[in-house]
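The next block holds one structure in the form of structure tokens; read it before the comments.
The values are calculated or read from the model by the stated rules, or taken from the named source; none is laboratory data. What you see is a predicted model, and the numbers here were worked out from it, not measured in a lab. As a convention, Cβ positions derive from the backbone with ideal geometry for all residues, glycine included, and neighbour counts pool all protein chains shown. With ligands, DNA and RNA removed, areas are computed over all heavy atoms of the protein, side chains included. Shrake-Rupley method; radii C 1.70, N 1.55, O 1.52, S 1.80 Å.
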Amino acid sequence: MTDASPTSSSSQVLVVEDEPAIRDVVATALRYQGHIVHEVGDGTAALAAATESPFDLIVLDVMLPGLDGFEVCRRLRDRGRFCPVLFLTARDRTEHRIEGFVAGGDDYLTKPFSVDELVLRVAAILRRIGRSGTPELLTVDDLVLEIAGKRVRRGGDDIELSPTEFRLLHYLMVNVGIVLSKAQILVNVWDYDYDGSDNVVELYIGYLRRKIDRDRNGLIHTRRGHGYVLTQPDS
Ligand code: CA
């Protein structure tokens, strides 16, 4: 049986960012952690969304068209919405304004930030408010991945993976049955500012296959011209 869905309750996260590439990376990284993510691209839409529905956390860019992130937060507080905010700031003069602004469950990250750091900050905030939302175990066929313990087993055998191989397998398992392009894999497994060739994806898929699929029914499949997919052996 395929079961790659979160085993504990997911958190609702609002991602507010006007740069589509960054918004996509942030939203994808948080979905990958099992959260339910709603995306908007400007301050007015953010205010409307966060007033209408309760979110466990808002990832809020400061420099936005229309209302800036500080103003969105201020108005939300005025409306009695006190959900924690993780501000995304540019390395400029907003930096010293933010120290005075961040309070309570709030935090901030300065751009450019790594996806790993974003995920850690989000997890820390959600832990503080008692909503971790992170699944412990992913299982596809006889392949088992322990997220916190960083362990992988297939048919009961322990499989040693490098950190990059582990992240790649995690990404494939979270997206079981979905064909993922090299570009998608690159942006989600490597940091978004990685500027190397996408041949690295092919290389690591090769490493992973040797460790996961050798002498067994293959789980990792190539869809020529489209990308890669992890599925049950007979599908
Ligand atoms: Ca911006």
Checklist line | Largest-first ordering by accessible area, 1.4 Å probe, given options His221, His35 | finding: His221, His35
Note to self: Heavy atoms only, 1.4 Å probe, whole protein assembly: order Val179, Val26 by accessible area, highest first.
What the structure shows: Val179, Val26
Margin query: Let me check against my output: what whole-number percent is the relative contact order of the range 137-230, with C-alpha pairs under 8 Å and at least 6 apart?
Written below: 26
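As an exercise, identify the trypsin sites (Lys or Arg not before Pro) in the range 39-84 lying in DSSP coil whose Cβ has no more than 14 other Cβ atoms within 10 Å. Each step should come with its number before you reach the end.
Working: sites: Arg74, Arg75, Arg77, Arg79, Arg81; in loops: Arg79, Arg81.
Listed in order of number, the matching sites are Arg79.
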Next item on the list: Keeping all protein chains in position, work out how much accessible area Ser197 exposes to a 1.4 Å probe, and write it in Å² to the nearest 10.
Entry: 60
Checklist line | Sequence ranges 149-155, 15-21, ranked by mean other-Cβ count within 10 angstrom, highest first | finding: 15-21, 149-155
Item checked: Accessible solvent surface per residue of the range 137-230, calculated while the other protein chains remain in place, 1.4 angstrom probe, Å² -> 51
Check: Hey, what's the range 7-128 come to in accessible area per residue, 1.4 Å probe, Å²?
Finding: 45
Notebook entry, point to check: If the cut-off is 24 Å between C-alpha atoms, which lysines fall inside it for Lys150, apart from same-chain ones fewer than 8 positions away?
Noted result: Lys182, Lys211
